[in-house]
Amino acid sequence: AEQDQVGVAAGLALCGKIPYISGFGPFLALRTLDQVHTNVCYPNLPVRIVNTHSGLTSASGPTHYNIMDIAIMRTLPNMTFVIPSDANQCVKLIQKSVDHPGPMCIRIARGAEPLVYTEDYEYEIGKAIVAHEGNDVTVVAAGCTVAFAVSAANALEKEGIGVRVLDMHTIKPLDTEAVTACINEIGKVITVEDHNILNGLGSAVCEVAAEMGKGIVKRIGVQDQYGQSAPYERLLAMNGITVENIVKTAEELQ
């Protein structure tokens, strides 16, 4: 009944409420597209759609993987799409989302992801966070892959390769200023996402590079295939979404 869930939320928003609805990502993100498109985004209502078990995190078979939601949601006018990197950032996001205008989709995993940040930091929707400093290559990540990117940056630092890690928690509106700076200052970018490699974070970054007419972008993500019934770590490895592959890709760009 996810379609009904969105319809009720739209009605509550029309009555002046700010409804937060939560559901299993593959169904709330895909099954409700018509309702989100017409009942939420078109009238620009402040409905917050929280998709859980996103990416390959459910480990429940091909029908239960939410690997297309970024592609879909970032094409909807008025929609804001956000992926917190860990539980603490999710708290910051929810607090900021209350006063944010228009509809918002919040993509979360299963809640067992490692914490990325050890110190407090400023969080603004639409503004990327530099999670690690470096000037040899940039890794743009979102959600649970930010932790992978930081681990890869720490490993590469021992090889003398400096990695700037951008926590691109907001996919729409994308922080094009941060991406542009990385392309101008470094020129070599790797994107990492737990999502289909087509039309997700990597594609959004490629769009910026294409309009600039410069830079090299290598995309790491789900290789345009359905997931299988397997442990999450094995599914990630099948698609190259690992610390080791980020390190290897960065080394090849030097």
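Tallying residues that are under 21 Å from the mean Cα position of the chain (by Cα) and within 15 Å of residue 77 (Cβ to Cβ) within the stretch 27-39 yields 3. Considered as a group, the residues in the stretch 29-54 that are open to solvent by 10 Å² or more (accessible area, probe 1.4 Å) and over 14 Å from residue 7 (Cα atoms) include one that is modelled with the highest pLDDT, and that residue is 50. Against the list (1) of a type outside the set (A, V, I, L, M, F, W, C); (2) in a strand (DSSP E or B); (3) touching a helix residue (DSSP H, G or I) at 6+ places or on another chain (Cβ under 6 Å); (4) open to solvent by 20 Å² or more (accessible area, probe 1.4 Å), the condition residue 164 fails is (3). Considering each residue of the stretch 1-12, count those that are within 21 Å of residue 30 (Cα to Cα) and either out of contact with any strand residue (DSSP E or B) (no Cβ under 9 Å at 6 or more places or on another chain) or open to solvent by less than 30 Å² (accessible area, probe 1.4 Å) (or both), and give that number. Residues that pass the stated criteria total 8. Which one is farthest from the chain's Cα centre (by Cα), of the residues in the stretch 169-184 that are assigned to a helix (DSSP H, G or I) and hydroxyl-bearing (Ser, Thr, Tyr)? Filtering first and then ranking leaves 180.
Within the stretch 105-120, the set of residues being open to solvent by 40 Å² or more (accessible area, probe 1.4 Å) and in contact with a strand residue (DSSP E or B) (Cβ under 7 Å, 6 or more places away or on another chain) comprises just one member, 108. Residue 85: in contact with a helix residue (DSSP H, G or I) (Cβ under 7 Å, 6 or more places away or on another chain), open to solvent by 10 Å² or more (accessible area, probe 1.4 Å) and within 29 Å of residue 249 (Cα to Cα), yes or no? The answer is no for residue 85.
Residues considered: 172, 248, 218. Of these, the only one that is in contact with a strand residue (DSSP E or B) (Cβ under 9 Å, 6 or more places away or on another chain), within 21 Å of residue 161 (Cα to Cα) and surrounded by fewer than 20 Cβ atoms within 10 Å (Cβ to Cβ) is 218. With respect to the conditions (1) open to solvent by less than 60 Å² (accessible area, probe 1.4 Å); (2) at pLDDT 95 or above, residue 26 lacks only one, and its number is (2).
Annotation: residue 98 fulfils all but one of (1) modelled with pLDDT of 95 or more; (2) more than 23 Å from residue 178 (Cα to Cα); (3) in contact with a helix residue (DSSP H, G or I) (Cβ under 6 Å, 6 or more places away or on another chain); the unmet one is (3). Once the stretch 42-78 is narrowed to residues that are in a helix (DSSP H, G or I) and under 14 Å from residue 143 (Cβ atoms), the residue that is nearest to the chain's Cα centre (by Cα) is 70. Take the conditions (1) open to solvent by 40 Å² or more (accessible area, probe 1.4 Å); (2) among the hydrophobic types (A, V, I, L, M, F, W, C); (3) in contact (Cβ under 8 Å) with a residue 24 or more places away in the chain; residue 91 misses just one of them, which is (3). Restricting attention to the stretch 133-160, and to residues there that are among the charged types (D, E, K, R) and under 28 Å from residue 90 (Cβ atoms), which single residue is most open to solvent (accessible area, probe 1.4 Å)? If we take residues in the stretch 133-160 being among the charged types (D, E, K, R) and under 28 Å from residue 90 (Cβ atoms), then 133 is most open to solvent (accessible area, probe 1.4 Å).
Contact map, the stretch 228-254: residues that are more than 16 Å from residue 60 (Cβ to Cβ) paired with residues that are open to solvent by 10 Å² or more (accessible area, probe 1.4 Å) and of a type in the set (S, T, N, Q), Cβ distance under 8 Å, separation 6+ or inter-chain. Pairs shown: 239/223; 239/225; 240/223; 243/151.
The values are calculated or read from the model by the stated rules, or taken from the named source; none is laboratory data. Owing to the predicted nature of the structure, the values given are computational and were not obtained by experimental measurement. Every residue, glycine as well, gets a Cβ built from its backbone with ideal geometry; the counts of neighbours run over all protein chains shown. Heavy atoms of the whole protein, side chains included, go into the accessibility calculation; ligands, DNA and RNA do not. Shrake-Rupley method; radii C 1.70, N 1.55, O 1.52, S 1.80 Å.
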